[in-house]
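Q: My questions will all concern the structure given below.
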Amino acid sequence: GNSVTQMEGPVTLSEEAFLTINCTYTATGYPSLFWYVQYPGEGLQLLLKATKADDKGSNKGFEATYRKETTSFHLEKGSVQVSDSAVYFCALSDPGSGGSNYKLTFGKGTLLTVNP
Amino acid sequence: ETGVTQTPRHLVMGMTNKKSLKCEQHLGHNAMYWYKQSAKKPLELMFVYSLEERVENNSVPSRFSPECPNSSHLFLHLHTLQPEDSALYLCASSQDNRANSPLHFGNGTRLTVT
C-alpha cells in the first residue's frame with residue numbers, strides 16, 4: 001500500500017535559518033506529491049505540489065523537488081521567518097487504476113517552531 | 001463568505017448526546033470529505049462524497065453518520081460517541097476527484113467527548 005514517512009519533530013530554528021523537512025514515500029503507481037501546512041487553530045492549506053518526476057513545486061519561498069529515484073519530496077526554505085511556525089504535512093495522491101483523488105495519504109506532520 | 005466553513009469550532013458532548021457538525025463550501029467544488037485529526041497520528045480519511053454520492057466509507061463506526069444534501073453542504077451526525085472519538089474533525093473539498101486536485105480544508109471542529 002501507499003505510505004508517507006516524514007521526519008519527526010519538533011524542529012526548532014532561529015529566524016533566517018535554513019529549513020529542510022524530509023519526506024519519503026512508497027506508492028504503487030505514479031503519485032502526485034503535496035506539502036500542506038497547518039497554522040495554529042486552522043485547517044490545512046496546500047503549500048505546494050508536484051505531479052511528475054523532476055517537477056519542482058514552490059510557494060512563499062518554500063520548494064520541493066519530486067525525486068522518483070529516491071522516492072523523496074523534501075521541503076526546503078532558505079531563510080525561515082517566525083510566521084512560518086506551523087505543522088507541515090507531506091502527502092501523496094496515487095491515482096491507481098481509477099484516477100481517484102480521495103486516496104490521499106498523509107504523513108504524521110512535522111511541527112516547526114521559528115524563534116526570533 | 002469564501003472557502004470552507006465549519007461550525008461549530010468547538011463542541012463538548014457527553015457519550016449519550018446527539019450532535020451534528022456542519023461544513024459548507026463556497027468554491028463550487030464537486031467533492032467533499034471528512035477527516036479526523038488526532039494527536040501524533042496521520043490524518044484519517046473518514047468519508048468522501050463526489051457529486052453528492054458517497055464514494056468512500058473508510059471503516060468508520062456507525063456512531064458517525066455523514067449526510068450530503070447538496071454539493072455545497074456536508075454534515076457529520078454524531079451519537080453515542082466514546083472518549084477516544086475526541087479529536088479535530090476537518091472538512092475538505094476539491095474541484096473533482098482527480099489525483100492532482102488539491103484539497104481545501106476548513107478550520108475544523110474541536111470535539112471533546114466526556
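Q: Anything in segment B:56-91 that is in a strand (DSSP E or B) and away from chain A (no Cβ under 14 Å)? List them, or say none.
A: Scanning segment B:56-91 gives B:Phe64, B:Ser65, B:Glu67, B:Pro69, B:Asn70, B:His73, B:Phe75, B:Leu76, B:His77, B:Leu78, B:His79.
Q: For segment A:50-68, check the following and say yes or no: at least one residue is within 14 Å of chain B (Cβ to nearest Cβ), closer than 18 Å to A:Gln6 by Cα, among the β-branched types (Val, Ile, Thr) and under 11 Å from the mean Cα position of the chain (by Cα).
A: No, there is no match, as no residue in segment A:50-68 is within 14 Å of chain B (Cβ to nearest Cβ), closer than 18 Å to A:Gln6 by Cα, among the β-branched types (Val, Ile, Thr) and under 11 Å from the mean Cα position of the chain (by Cα).
Q: A follow-up question, please. Give me the pairs: first residue in segment B:5-25 and closer than 10 Å to B:Gly106 by Cβ, second residue of a type in the set (Asp, Glu) and surrounded by 14 or more Cβ atoms within 10 Å (Cβ to Cβ), beta-carbon distance under 6 Å, and six or more apart or on different chains, which are they?
A: B:Thr5/B:Glu24
Q: Within segment A:24-49, work out how many residues are assigned to a loop (DSSP other than H, G, I, E, B) and either within 10 Å of the chain's Cα centre (by Cα) or of a type in the set (Gly, Ala, Ser) (or both).
A: 4
Q: Here is a check on your reading of the model: is B:Glu24 at pLDDT below 90 and assigned to a strand (DSSP E or B)?
A: Spelling it out, it is not the case that B:Glu24 is at pLDDT below 90 and assigned to a strand (DSSP E or B).
Q: Considering segment B:92-114 alone, what residues qualify as being more than 8 Å from chain A (Cβ to nearest Cβ) and touching a Cys at 6+ places or on another chain (Cβ under 9 Å)?
A: B:Ser93, B:Thr109 - these are the residues of segment B:92-114 that are more than 8 Å from chain A (Cβ to nearest Cβ) and touching a Cys at 6+ places or on another chain (Cβ under 9 Å).
Q: Looking at segment B:23-38, is at least one residue more than 14 Å from B:Ala92 (Cα to Cα), hydrophobic (A, V, I, L, M, F, W, C) and surrounded by 12 or more Cβ atoms within 10 Å (Cβ to Cβ)?
A: No, segment B:23-38 contains no residue that is more than 14 Å from B:Ala92 (Cα to Cα), hydrophobic (A, V, I, L, M, F, W, C) and surrounded by 12 or more Cβ atoms within 10 Å (Cβ to Cβ).
Q: So, A:Thr65, is that one farther than 16 Å from A:Thr105 by Cα, of a type in the set (S, T, N, Q) and surrounded by fewer than 20 Cβ atoms within 10 Å (Cβ to Cβ) or not? If you could, list the steps in order and put the result at the bottom.
A: Details: farther than 16 Å from A:Thr105 by Cα: yes; of a type in the set (S, T, N, Q): yes; surrounded by fewer than 20 Cβ atoms within 10 Å (Cβ to Cβ): yes.
Yes: the conditions hold for A:Thr65.
Q: Let me ask you something else. Please work out which one of (1) under 29 Å from A:Val4 (Cα atoms); (2) touching a residue at least 40 places away in the same chain (Cβ under 8 Å); (3) surrounded by fewer than 19 Cβ atoms within 10 Å (Cβ to Cβ) is the condition B:His79 fails and give its number.
A: Failing condition for B:His79: (1).
Q: On the basis of being within 11 Å of chain A (Cβ to nearest Cβ), surrounded by 15 or more Cβ atoms within 10 Å (Cβ to Cβ), of a type outside the set (Asp, Glu) and in contact with an Asp or Glu (Cβ under 9 Å, 6 or more places away or on another chain), does B:Ser50 make the cut?
A: Here the answer is yes, as B:Ser50 does meet what is asked.
The values are calculated or read from the model by the stated rules, or taken from the named source; none is laboratory data. What you are looking at is a predicted structure, and each value in this text was computed from that prediction instead of being measured. Because the Cβ atoms are built from the backbone with ideal geometry, glycine has one as well, and the counts that use them run over all protein chains shown.
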